[in-house]
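*Asks:* I am attaching a structure below and will ask some questions about it afterwards.
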């Protein structure tokens, strides 16, 4: 009987610890939604930023204050990809310049909306009313004007 109690205690302890570990990891679902069930990790009160992780790939989504998806990227190992959500044609990464960047001008300075140890995302309002997102490696982006990449 004592062994069974010890085994049950061990099982509950193990389940409890795994729950705490799972709670510390970003969710793996909700990408592309206006109000995903994820923590807002924005560096600016004017934006909502959500991080998702699946199979070692980090996905970062930027929404405006109304919940409209502005854009999202996927990143792993210093590589980035623009995801086809929101205004994806206004998202620039180190590997790919946004499709519409050459035809727009900044209406205001770039704002850092998200930064962690590997990724920095800047949002720049443009003269045509869209918002351009510039994604960079956090370690290489020291000057917001340079990282904004909007002319």
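Every number in this text was worked out from the coordinates using simple rules, so none of it is lab data. Everything numeric here is computed off the predicted structure, so don't read it as measured data. Quick reminder, even Gly has a Cβ in these numbers, built from the backbone with ideal geometry, and neighbours come from all protein chains shown.
*Asks:* So how far apart, in nm, are the two label points at residue 29 and residue 106 if each is 7 Å from Cα heading toward Cβ?
*Replies:* 4.0
*Asks:* Counting every Cα pair in segment 27-148, what percent are over 17 Å apart?
*Replies:* Taking all Cα-Cα pairs of segment 27-148, the fraction more than 17 Å apart is 50 percent.
*Asks:* Okay, next question. Round to the nearest 0.05 the FRET efficiency obtained for residue 128 and residue 79 when R0 = 30 Å and r is the Cβ-Cβ distance.
*Replies:* E(calc), rounded to 0.05, equals 0.55.
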